[in-house]
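No lab work stands behind these numbers, since they all come straight from the coordinates. Predicted model, so just to flag it, every value in this text is computed and none were measured. Neighbour counts are summed over all protein chains in view; Cβ atoms, including those assigned to glycine, are modelled from backbone coordinates with ideal geometry.
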Amino acid sequence: MSTARRLQSGGLIDRSRRIRFKFNGKDYSGHPGDTLAAALLAQGVRRFGRSFKYHRPRGVVGAGAEEPNALVQVGEGALSTPNLRATQVELYEGLTARTVNGWPSLAFDVGAINNRLSRLLPAGFYYKTFMWPRSAWMRYEHHIRRAAGLGHAPSLPDTDHYDKRHAHCDVFIAGGGPAGLIAALGAARSGARVLLVDEQTQLGGTLLFAPVAIGGRTGLDWVSELEAELRSFPEVTILNRSTVTGYYDHNFLVVNERRTDHIGPGQASSKTTRERLWRIRAKQVVIATGAIERPLVFDGNDAPGVMLASAVSTYIRRFAVAPGRSGVVFTNNDSGYQAALDMVSAGMEVRAVVDIRENPGASVLAAVSACEIPVYRECVVSSVQSGFQGLKRIELAKLSPGGEDILSHKGLINCQVLAISGGWSPAVHLHSQSGGRPRYDSAKACFVPGSSVQAECSVGACGGSFTLAACLREGADAGISAAVQSGWPGGYVDVPAVKEFAQAPIQPLWEVPAGALSGNGVKKFLDFQNDTTAADIKLAAREGYRSIEHVKRYTALGFGTDQGKLGNINGLAILAKALGKSPDEVGTTTFRPNYTPVTFGTVAGRTLGEQLFDPVRKTAIHAWHVRRGASFENVGQWKRPWFYPRDGEDMHAAVNRECLAARNGVGVLDASTLGKIDIRGPDAARFLNLLYTNNWDNLQPGRCRYGFMLGEDGMIMDDGVTTCLAPGHYLMTTTTGGAATVLTWMERWLQTEWPELKVYLTSVTDQWSVMSVAGPYARTVLKAAGCDLDLDGDAFPFMSMQAGQVAGISARVSRISFSGELAFEISVDANQGLALWEAIMVAGRDYDITPYGTESMHVLRAEKGYVIVGQDTDGSVTPVDLGMDWIVSKKKDFIGRRSLSRSDTGRPNRKQLVGLKTEDPSRVLPEGAQLVNSRQEAQPVPMIGHVSSSYSSANLGRSIALALVKGGLSRMGGTIYAHLMDGSVVPATICEPVFFDPENQRTKS
Amino acid sequence: MNMAQPESRTSAHLREAQMLRIECPWCGERDQEEFQYGGEAHIVRPESPDTLTDEQWADYLFNRANTKGIHAEQWCHAAGCRRWFNVLRDTVSYAILTVYRPGEQPPGNIE
């Protein structure tokens, strides 16, 4: 194993310890402090992946979040994470990583044929080629994706935990470089509560690799001093390994804190969450996110070995890795010269500095000249030669004064590393997310933050100030100002003197003219991850694209996991030139959250599964249902028994048995889940009159009434039985799913529209257990269970309620029925629910009492034509549409009444509730089936209705269905046709929706 | 020495924070996550709906101002005291300018 590229000294790594890891199946090792990219570079690895479209070999370009090429899948199985940037992955013992691009392997990539065919794959190729036939896109896409190969989502459930924290602060600081650090100090010394968030392992930003002196100390010593003082303030919180992923309205910020990824799976305590999502409300925000170096755009600029100048410096000074034996710098500004000096310090042979400008800065020029490095002014790297392992040599050329043409070719220079610097793009992402519009600064050749929309300011490099002195000055000022703005008296910070090179102006050159080596297949890449080239942008302009947002979507510029952090500005500048506009007129694409990808686990946090995503509600009798082997159905948050299969029974057999028992013997249903609202007050009846369509003035204590609640638009919203318990005291039941909505609805009317009504509402759903005993033996069973009430017809009429004892338990007994049978609903304190249920089961043993679930309940009520709100109604159905005019009072106002006489609700051809009997009695229509007028009609076939409920009825020996049919009430006896998915056509006869006991003899027996 | 002076570009950009937090008239300031939006406020249910034309009723039922700017609207402290109240909110900046109880009129000095 070669560690030839590791320097003998220097860097922020711990050489005393070795960390072993695997990359693409091979063993490697590194040191604490390394990133995966640094450790691999140290061992001579140059190719990190294949590009997305042309499958060109690619190396690492950057050293941080901007990295477009070195994407890796880290970890195995359930804990695997795709598309991480190797430049940000910290090493831990046993880490495994593999490249996400390059199928079937990095060395042998069948997709590389695209590279040879690249003239046939221009921008928009996939759109242009695979659009027809439209239906085939899905098939093409599968193969395109496989060939393109992004990472794989783990297929196993994530065993890690994630959580969320909420925080408030006076001053929020994004970025722990020099500007952010001194801003934090200023705010902290002013007394403010400060939250400092930094993306990296340790604070310092550019000071982690820049050889500068601050106030007579090294940059790193200055960082240590500042950090120690910051940590001494109780109101200062520092988050490392944390990314500000989003900046939302009113200074609401979201931070993704990675807590355990750097130590590897299974190493942290089981109580430590893997990642944390911070939701932060800040009074003031200081953005100090720095700047991202821009590549230069020339032929072959994607060869492994071509790296950002700042990345070259980072690998040398921070990680003690020389990325090659020999190097050249290609730059249009002074900052690139530092890479030359750093390469010299790493013992590399630096063969040239190629500068686009005529007049480089005097101080940097002097520094590299002192190292005897030749500087080629007004020159460019016009193209490169590279082999399978990467860069071999560059072609040097003299540039015309305007930068449009190559004047002369000046030969080739062998080198393994080309450090490029096309200037710096301030990281305006957070400013842009906050609502600001970046503006183009032509002197600095970059977009800088525009006016602030929220309480934020950008300082240092992310504000376009590229000297260390300016970073410190602005940071200190902003930190103190932010504290003052958030109500603190202000403090004192000494801005230290710094030693750094004086800077000469940048000279932008957005695209280098083609060189002599340029030929077929040689391209100037803008977006390395998506293989978007300068030619693609110009093609888009020729084809009529004008908006940068459209060009982005057409060429995929900035579409990757890096979101164009490197290439977007170059791309829009080339578009601007092609359109004859300024970069300011073209503008940037929108910077959206998230800044870097965020895992789904972090977004979900703890709100997972049945415990916390959506709570599960169970009745007091639930354990009995489980013991009895019930299948459950979710109704809202409730678990309701669906049916109770006996040995070997399928659902159909169980439901048939339960339905026959309820009609011929006795059944019992757990009805506890129905919503229950206790209504009290002298105006309760007046309020019920406004809520329900029927009249409530004359309901006496001990009597029950069924009601429909409408929206103000006249459409049915909920239904249920309400009982008068005493004068001015009612108990309303609602549908299981509608309980919360109905209570909110009632409260809103009382609080906002009729505050003068003296009515008080209390939800008592959970306080009562309710069971319905139904069937010819219901009365007998209740007597056997020791009910002390006279249950006989005259003493206990239908739709009445009495309080008494059942099996020694205080109970409210109501004679109401949703099954159409003789039925008693017994309500007891929920703590007594299970005891009563068991007593009823014992009392009913001689009558083979049969517990029945929601499916049988549905069949029984459908036999009687009772609707279920939300199944037979859908928010567009009035009581009149159900043929229930009788329930709508003509004498009083109620919510929704006026809407029942609007032209639309009054028209004759509305969908109305009818029954359907299929001509073949064994054929059960699917619910939702569309109904039409005839077997065969010219298309488009008019849909005249749909099936809302459909069952096989054991009691009737045939199928039954309820349907909503246009003008259905006037079509009794007519035939209608259901066209089914399998192509069959099922004829059915329209009938009254009541299939069983239309005279209601049984409920009253 | 660097005492806060409003001369620089950075400090000129600092403004008073507006946080999406809502002052419940009964419970005090809470995060907006606890609240439920209820649409335009001060839409009074007609006294005698029967006397209205279809157009007048439809106006009450369906038509809303869709204001750009300061909008009076109802909110409910759904995860708190469950009470409704009124809010003046700027629909452009989302800034909440004031809150007041049902039955009260918005303060006149808000512009």
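Can you tell me the 0 to 90 degree angle between the C-alpha axis of helix A:178-189 and the longest principal axis of chain A, rounded to 10?
Approximately 60 degrees, to the nearest 10.
Which Cα, out of A:Pro57, A:Pro68, A:Val89, lies furthest along the positive dipole direction of the stretch A:1-93 (beta carbon charges, K/R +1, D/E -1)?
In the stretch A:1-93, that residue is A:Pro57.
Once Lys and Arg get +1 and Asp and Glu get -1 on their Cβ, which of A:Leu900, B:Cys76, A:Ser763 lies farthest toward the positive end of the dipole of the protein assembly as shown?
B:Cys76
For the stretch A:908-991, just the Cα atoms, rotate onto the principal axes and tell me the three extents in Å, largest first.
Principal axes ranked by extent give 37, 31, 19 Å for the Cα atoms.
Is there a quick way to get the dipole size of chain A? I mean about its Cα centre, with the Cβ of Lys and Arg at +1 and of Asp and Glu at -1; what is the value in debye to the nearest 20? Don't jump to the answer; show the numbers that get you there.
Values: 106 positive and 98 negative charges, 403 e Å.
So the dipole magnitude of chain A works out to roughly 1940 debye.
Using the number of other C-beta atoms within 10 angstrom as an exposure proxy, rank A:Tyr337, A:Tyr28, A:Tyr847 with the fewest first.
Working: A:Tyr337 27, A:Tyr28 22, A:Tyr847 17.
Going from least to most buried by this count: A:Tyr847, A:Tyr28, A:Tyr337.
Please express the shape of chain A as an equivalent ellipsoid: the semi-axes are the square roots of 5 times the eigenvalues of the C-alpha gyration tensor, given largest first in whole angstrom. All intermediate terms of the calculation are to be shown ahead of the outcome.
Values: eigenvalues 1059, 220, 151 Å².
Over the Cα atoms of chain A, the ellipsoid semi-axes are 73, 33, 27 Å.
Taking Cα centroids, how far is the stretch A:336-391 from the stretch A:665-744 in Å?
That distance is 84 Å.
Quick check: net charge around A:Ser827, other residues with Cβ under 15 Å of its Cβ, Lys/Arg +1 and Asp/Glu -1? Working shown, then result.
On the way: positive: A:Lys676, A:Arg812, A:Arg815; negative: A:Asp670, A:Asp678, A:Asp766, A:Glu825, A:Asp829.
Neighbour charge sum, excluding A:Ser827 itself: -2.
Sort out for me the Cα centre separation of the stretch A:45-96 from the stretch A:588-646, rounded to whole Å.
Comparing the Cα centres of the stretch A:45-96 and the stretch A:588-646, I get a distance of 35 Å.
Compute the long axis of helix A:219-231 from its Cα atoms, compare it with the longest principal axis of the Cα atoms of chain A, and write down the angle in degrees, 0 to 90, nearest 10.
Once rounded, one gets 30 degrees.
Tilt of helix A:854-863 relative to the longest C-alpha principal axis of chain A, in degrees (0 to 90, nearest 10)?
50
Residues with beta-carbon under 9 Å from that of A:Lys565, excluding A:Lys565: net charge, scoring Lys, Arg +1 and Asp, Glu -1? Numbers along the way, then the final one.
Numbers: positive: none; negative: A:Glu66, A:Glu67, A:Asp562.
With Lys, Arg at +1 and Asp, Glu at -1, the neighbours total -3.
So what is Rg over Rh here for the stretch A:517-614, counting just Cα atoms and using Kirkwood for Rh?
On the way: Rg = 18.1 Å, Rh = 15.2 Å.
We get a ratio of 1.19 for the stretch A:517-614.
About the Cα centre of the stretch A:326-432, how large is the charge dipole given +1 on each Lys and Arg Cβ and -1 on each Asp and Glu Cβ? Please answer in debye to the nearest 20. Please list the in-between numbers first.
Details: 7 positive and 10 negative charges, 46 e Å.
Roughly 220 debye, rounded to the nearest 20.
Can you give me the Cα centroid spacing of the stretch A:964-979 and the stretch B:51-111 in angstrom?
The distance from the Cα centre of the stretch A:964-979 to that of the stretch B:51-111 comes to 45 Å.
Determine the sum of side-chain charges near A:Gly215: Lys and Arg each +1, Asp and Glu each -1, restricted to other residues whose C-beta is under 14 angstrom from that of A:Gly215.
Working: positive: A:Arg217, A:Arg473, A:Lys499; negative: A:Asp221, A:Glu225, A:Glu229, A:Asp494, A:Glu500.
Cβ neighbours under 14 Å give a net charge of -2.
Give the relative contact order (percent, whole number) for chain A; include only Cα pairs under 8 Å separated by 6+ residues. Mind showing how you got there, number by number?
On the way: 2420 pairs, mean separation 90.9, N = 1005.
Reported as a whole number, the value is 9 percent.
Please report, in whole Å³, the volume per residue of the convex hull around the C-alpha atoms of the stretch A:765-853. The partial results should precede the final answer.
Details: hull volume 8.2 nm³, N = 89.
Residue-normalised Cα hull volume stands at 92 Å³.
Restricting to Cα atoms and excluding each atom paired with itself, what does the Kirkwood estimate give for the stretch B:19-100 in Å?
Details: mean 1/r = 0.0717 Å⁻¹.
Its Kirkwood hydrodynamic radius stands at 13.9 Å.
Of A:Leu731, A:Pro234, A:Ser952, whose Cα points farthest to the positive end of the dipole of the protein assembly as shown (charges on the beta-carbon: +1 Lys, Arg; -1 Asp, Glu; origin at the Cα centre)?
Highest projection toward the positive end goes to A:Pro234.
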